[in-house]
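The values are calculated or read from the model by the stated rules, or taken from the named source; none is laboratory data. Treat the numbers as computed from the prediction; the structure is a model and nothing was measured. Neighbour counts run over all protein chains shown; Cβ positions are idealised from the backbone, glycine included. With ligands, DNA and RNA removed, areas are computed over all heavy atoms of the protein, side chains included. Shrake-Rupley method; radii C 1.70, N 1.55, O 1.52, S 1.80 Å.
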Amino acid sequence: MAVLEIREMGDPVLRERAAEVSAEELASAETQRLIEDMIETMRAANGAGLAAPQVGVAKRIAVIEVREGNPRYPYKPLIPLTVIVNPELTPLDDATFATNEGCLSMPNVRGDLERFENVGVRYLDRDGTPHESTRRGLTAGTFQHEVDHLDGILFVDRMADMSSLSTWAEFERHGKDEFVARVEALVERVGS
Ligand code: ZN
């Protein structure tokens, strides 16, 4: 396994629509190794998720995981390691929530945006087995963030008001307490 270089905003690969992965391609040693490397890269960077375009591969693959004590996102509900291939995401209703995100491809930048609160997610796992599940709240937001990467969309594209754009240090100083209180209420209400 290897920690891969994370591509940053300005790299055209982050703005492409990534390609579907065929069953044969998914089963290949090359793709399986890419998935292993993406997991290692996500963990090394303390990310909550990582999409293949973020390591320079325009394929519809992402990995998601929130472990206990994640220093970037201590307020996120835990998510067991989930590999999603060719995901399809459908909002289940019109409900949205206000959140604040960062991105490994946009170092030291955070901002406020709205995400759908309840989404249905269909995807293949790394063995090609289909899955279907409902995700809510912050976890739904994490899935939306990663699937957006596969469509060349960065979270800043979803921001209605750029005035909340901040560095991580200024977010800690001015926005975090209010935000964490709000997301704790959200987690209480909808779970994940
Ligand atoms: Zn991201």
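With N the number of residues in region 12-190, Rg(Cα) / (2.2 N^0.38 Å) evaluates to 1.00.
A 1.4 Å probe over all protein chains sorts 132, 170, 146 by accessible area into 132, 170, 146, starting with the largest. Sorting the segments 4-12, 58-66 by their mean number of nearby beta carbons within 10 angstrom, highest to lowest, gives 58-66, 4-12. Fraction of C-alpha pairs exceeding 19 angstrom in region 132-192: 48 percent, rounded to a whole number. Available extension along the chain between residue 180 and residue 98 is 28.4 nm, counting 0.36 nm per residue and deducting the alpha carbon span. Between region 115-192 and region 10-36, the alpha-carbon centres lie 22 Å apart.
Take the Cα radius of gyration of region 1-81 and divide it by 2.2 N^0.38 Å, N being the number of residues; the result is 1.12.
Give me D for region 111-150 in µm² s⁻¹, whole number, from Stokes-Einstein with Rh from the Kirkwood sum over alpha-carbon pairs, 10 °C and 1.306 mPa s. In µm²/s, the coefficient rounds to 145. Against the criterion of solvent-accessible heavy-atom surface with a 1.4 angstrom probe, 162, 1 sort, most first, into 1, 162.
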